[in-house]
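Let me begin by presenting the structure, written as structure tokens, before commenting on it.
The values are calculated or read from the model by the stated rules, or taken from the named source; none is laboratory data. The structure presented is a predicted model; accordingly, all values stated were derived computationally and were not measured. FYI the Cβ positions are ideal-geometry reconstructions off the backbone, even for glycines, and counts take in every protein chain you see.
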Amino acid sequence: MQKIWRIRDCDPEIQNHLSAALNISKVTAQLLVNRGIRTADIAHDFLKCSLGSCHNPFLLKDMEKAVLRIRQAISKSEHILVYGDYDVDGMTSVTLLYSALKNLGANVETYIPNRIEEGYGLNLQAIRKAHKSGVKLIISVDCGITSFKEVEQGLALNIDIIITDHHEILNSKVPAAYAVINPLQGDCRYPFKHLAGVGLAYKLVKALYDGTPHFAEDFLDLVSLGTVADIAPLVGENRVLAKHGLDELNRRERVGLRALMDAANLEGNISAGHIGFVLGPRINAMGRIGSPEKAVELLLSSDLASAADLAKILGTENRNRQKIEARILEEALARVEREVNFTHHKVIVLASENWHPGVIGIVASRIADRFYRPAILISLDGKLGKGSGRSIDGFHLFEYLLRCKDLLAGFGGHESACGITIEKERIGEFTDLINKEAFKDAKEEIFSPKLDIEMDIPLSSLSEGVIREIESLAPFGPDNPRPVLSSRRVYIKDAPRKIGKSGFKFWVTDDNISCEAIAFTKGDLEMPKPGSEVDLAYIPSINNWQGVQSIQLELKDIK
């Protein structure tokens, strides 16, 4: 499917101003403009990325109330339960808050529900179990904002519940918990609304540590890990926390993470990409098909030998997850070919009794990427199905689920991802309705694949210095993507050579500079002929081979 190139318009006036004021290239200046940065002061702060720019945690609604209640629980040696989610964001949140409370002398334990048996979020059985074990205070992390019945159950059992959650709030209503910390509340005056669950846990710890000899910054490696793995927007405070967390991660002082990096053969500098594609999936695998407690045990570990054993378990479970995922993907692709008519389906909905509920979210993401349609995959168990959905740019999945809420037994999520519970007999009706709603007002152009290009430049504008400036905008992720540039009318200098399983590379020139262009996987790209003139879209980088540095273009598209 041919991509539509969306090249951002330049703003020469502000570009020139930032370039002169900060002594940076016009390319880097325009990339800052593209990120909404239009003054030298704001640009300076963005590039400096100081922890001092983070907001006061007490600006979060109910933060002071939560801190007072937790301190009271610690002083009275009340039994506290930290209750989390089974993804990386949830597990790092649990690890962070548990460790901090232990440092403060709390009587605390952790709980993460089993994805298959209990599902997402607080559940009534777990609340009752906590009551029987003498728990007086439950603190949720990365979940709880839709747990109305569960909070009522807690109140009935004289358990106070503090919710910390970053997910969407349904109909502006929150459970009647002792305190609710979620910046998406309408009357919350916290300036940054996009913290991950682990970011909120960090803010709670930052507030709890106020006036103590402890430092919340010791947990920034966990904050970076959870924030990046949860695909939170890497702008504002998230970018600051992720950047400093990566610095902390690269010190390799947390024993469990060091063991995980060793098991994954990760050497050198760890980037956001390593979290997203190497470390995060290993931890996530435990929540998907294994035991999330093992992942938390690894993150809490202080013994390198036991941590190494746990890291091996995570590696094994991740390989098992990959095998299950590959099988489901093959089945789902075949089903799309047989059952989905793109003239009538803007949203792909598929269900099966043979699909593992812990993996369908990943497969839904691959289906959405492949066909450029929102995709919801449902794992059936008897009369009930649990589904995971992934969306595309411009299609707010959660808002469309709201229109179908009468057909769903439960749902949650945000713009780009969702989880649903649905009765088997209603799946057909749900498929028809969500597609009807999509046809009603979803613009046709959003269902065509697009390539967002930050700037069109002459190839000769690139230098190693410019590329290093571009790298200073890292860490990259949602809302702060690794910049894709384009260069027109460049020439292929030699015959493309195959690399790896399906990649290729060749030399390209504009008669001023020459550099190597590389596609690590072929994908939809066609290998160009030697001597042909092409337009390239690419991510520029500096390749270091045997001590020799050179400019390299990671190809995204060729025209």
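Taking the numbered list (1) in a strand (DSSP E or B); (2) out of contact with any strand residue (DSSP E or B) (no Cβ under 6 Å at 6 or more places or on another chain); (3) within 27 Å of Val33 (Cα to Cα) in turn, Glu469 passes all entries but (1).
Within segment 329-350, the set of residues being more than 19 Å from Gly413 (Cα to Cα), in the same structural domain as Glu415 (by TED's automatic domain parsing) and in contact with a helix residue (DSSP H, G or I) (Cβ under 6 Å, 6 or more places away or on another chain) comprises His345, Lys346. Only one entry of Gly256, Gly280, Gly287 meets the criterion of being crowded, with 17+ Cβ neighbours inside 10 Å, within 27 Å of Gly477 (Cα to Cα), outside the structural domain of Val88 (by TED's automatic domain parsing) and in contact with a Ser or Thr (Cβ under 7 Å, 6 or more places away or on another chain), and that entry is Gly256. Within segment 210-226, being more than 14 Å from Leu101 (Cβ to Cβ) and outside any helix (DSSP H, G or I) holds for Asp210, Gly211, Pro213, Phe215. In segment 333-344, is there at least one residue being modelled with pLDDT under 95 and in contact with a Gly (Cβ under 7 Å, 6 or more places away or on another chain)? There is no residue in segment 333-344 that is modelled with pLDDT under 95 and in contact with a Gly (Cβ under 7 Å, 6 or more places away or on another chain).
For Gly197, the stated conditions hold: it is buried (at least 24 other Cβ atoms within 10 Å of the Cβ) and outside the structural domain of His414 (by TED's automatic domain parsing).
Taken over segment 516-559, residues that are surrounded by fewer than 13 Cβ atoms within 10 Å (Cβ to Cβ), charged (D, E, K, R) and touching a residue at least 60 places away in the same chain (Cβ under 8 Å) amount to 1. Select from segment 341-350 the residues that are surrounded by fewer than 21 Cβ atoms within 10 Å (Cβ to Cβ), farther than 16 Å from Ile446 by Cα and in contact (Cβ under 8 Å) with a residue 12 or more places away in the chain and list them in ascending order. Hits for segment 341-350: nothing passes. Looking only at residues of segment 1-19 that are assigned to a helix (DSSP H, G or I) and not hydrophobic (A, V, I, L, M, F, W, C), we find that the one that is surrounded by the most Cβ atoms within 10 Å (Cβ to Cβ) is Gln15.
Can you confirm whether Ile499 is within 15 Å of Leu553 (Cβ to Cβ) and surrounded by fewer than 17 Cβ atoms within 10 Å (Cβ to Cβ)?
Answer is yes for this residue.
Residues that are among the acidic types (Asp, Glu), closer than 30 Å to Leu246 by Cβ and touching a Leu at 6+ places or on another chain (Cβ under 7 Å) within segment 455-511 comprise just one, Asp479. In the set Leu314, Leu310, only one residue is in contact (Cβ under 8 Å) with a residue 24 or more places away in the chain, in contact with an Asp or Glu (Cβ under 8 Å, 6 or more places away or on another chain) and part of a helix (DSSP H, G or I); that residue is Leu310.
Close contacts from segment 59-85, counting a first residue that is exposed (fewer than 13 other Cβ atoms within 10 Å of the Cβ) and a second that is modelled with pLDDT of 95 or more, with Cβ to Cβ under 7 Å and a gap of 6+ residues or different chains, come to Ser77/Asn107.
Residues in segment 146-165 that are without any contact (Cβ under 8 Å) to a residue 60 or more places away in the chain and part of a loop (DSSP other than H, G, I, E, B): Ser147, Leu157, Asn158, Ile159, Asp165. For segment 149-158, a residue qualifies if it is among the hydrophobic types (A, V, I, L, M, F, W, C) and under 21 Å from Ala201 (Cα atoms), and exactly one does: Val151.
Mind checking which residues of segment 367-386 are surrounded by 23 or more Cβ atoms within 10 Å (Cβ to Cβ) and part of a strand (DSSP E or B)? Listed by number, the residues that qualify are Ala375, Ile376, Leu377, Ile378, Gly385, Lys386. If the condition is being under 28 Å from Arg482 (Cα atoms) and either buried (at least 17 other Cβ atoms within 10 Å of the Cβ) or free of Cβ contacts under 8 Å to residues at least 12 places away in the same chain (or both), then segment 420-444 contributes Ala442, Glu444. Here Ser99 passes the criteria (1) more than 29 Å from His274 (Cα to Cα); (2) assigned by TED's automatic domain parsing to the domain that holds Ala177 except the one numbered (1). Screening Ser541, Ser550, Ser486 for residues that are modelled with pLDDT under 95, of a type in the set (S, T, N, Q) and part of a strand (DSSP E or B) leaves exactly one candidate, Ser550. Which residue, of Lys136, Lys129, is over 23 Å from the mean Cα position of the chain (by Cα), surrounded by fewer than 23 Cβ atoms within 10 Å (Cβ to Cβ) and either among the acidic types (Asp, Glu) or under 26 Å from Lys203 (Cα atoms) (or both)? Going through Lys136, Lys129 in turn, just one is over 23 Å from the mean Cα position of the chain (by Cα), surrounded by fewer than 23 Cβ atoms within 10 Å (Cβ to Cβ) and either among the acidic types (Asp, Glu) or under 26 Å from Lys203 (Cα atoms) (or both): Lys136. The set of residues in segment 228-237 being assigned to a helix (DSSP H, G or I) and either within 19 Å of His44 (Cβ to Cβ) or modelled with pLDDT under 95 (or both) consists of Gly236, Glu237.
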